[in-house]
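The values are calculated or read from the model by the stated rules, or taken from the named source; none is laboratory data. Since the model is a prediction, treat every value here as computed from it, not as a measurement. No Cβ is skipped: glycine too gets one built from the backbone with ideal geometry, and neighbour counts run over all protein chains shown.
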Amino acid sequence: MVTEVNTTDPTAPTSTEQQATNQTTITSEIKTTFTSEEIQELLPHRYPFLLVDKIIDYVPGKKAVGVKNVTINEPHFQGHFPGRPLMPGVLIVEAMAQVGGIVLTQMSSVEGGLFVFAGIDKVRFRRQVVPGDQLVMTVELLWVKQRRFGKMQGRAEVDGQLACEGELMFSLVN
């Protein structure tokens with residue numbers, strides 16, 4: 001009688017295949033995009049002040065990339081400016097801050113409370129943002145201190161051109 005020793009089942013995954021499957025499972029559990037409805041579950045902002053339409057890339061605890069579709073129907077264009085609508089710079093900065101809020105609200109070490117602006121530094125506007133533009137905002141976490149204060153680097157682009165950049169500071173209020 002012959003006994004097979006150290007044979008492998010050809011239908012069973014190899015250790016490399018199993019590792020790849022496990023990595024895919026772990027990776028697929030990390031959410032990397034958020035819809036408008038999901039953003040509203042995370043942020044307290046609502047129309048007309050919710051300035052992020054979707055999150056197209058999210059890296060937990062590091063960064064988020066959000067999109068704002070700028071339309072002529074937005075209420076600020078009626079007065080800013082008649083005949084030459086421009087998105088106010090303060091709203092561009094607020095939109096970047098809301099993208100940053102997604103990063104902060106998802107950090108397990110800072111659960112609860114509300115993050116608010118604590119300051120802005122080195123903000124510069126490089127190009128006008130007008131109706132029809134799609135504002136793509138990348139906000140990266142620089143640091144968090146005592147789980148109450150955070151600083152982020154924000155960058156807003158239209159068609160690959162820099163529209164605004166700056167540092168945003170946040171404070172957690174209960």
Could you check the stretch 76-86 and list, in sequence order, the residues that are farther than 20 Å from Ala97 by Cα and surrounded by fewer than 19 Cβ atoms within 10 Å (Cβ to Cβ)?
Gln78, Gly79, His80, Phe81, Pro82, Gly83, Arg84
If you go through Asn73, Asn6, the only one that is over 19 Å from Met96 (Cβ atoms), surrounded by fewer than 10 Cβ atoms within 10 Å (Cβ to Cβ) and at pLDDT 95 or above is Asn73
Quick test for you: out of Val136, Val129, Val93, Val123, pick the one residue that is closer than 20 Å to Ala64 by Cβ, assigned to a loop (DSSP other than H, G, I, E, B), in contact with a strand residue (DSSP E or B) (Cβ under 8 Å, 6 or more places away or on another chain) and at pLDDT 95 or above.
Val129
Need pairs with beta-carbon distance below 6 Å; first residue among the acidic types (Asp, Glu) and within the stretch 128-140, second in a loop (DSSP other than H, G, I, E, B); sequence gap 6+ or separate chains.
Asp133/Val70
Subset of the stretch 103-120 (residues that are in a strand (DSSP E or B) and either surrounded by 13 or more Cβ atoms within 10 Å (Cβ to Cβ) or hydrophobic (A, V, I, L, M, F, W, C) (or both))
Leu114, Phe115, Val116, Phe117, Ala118, Ile120
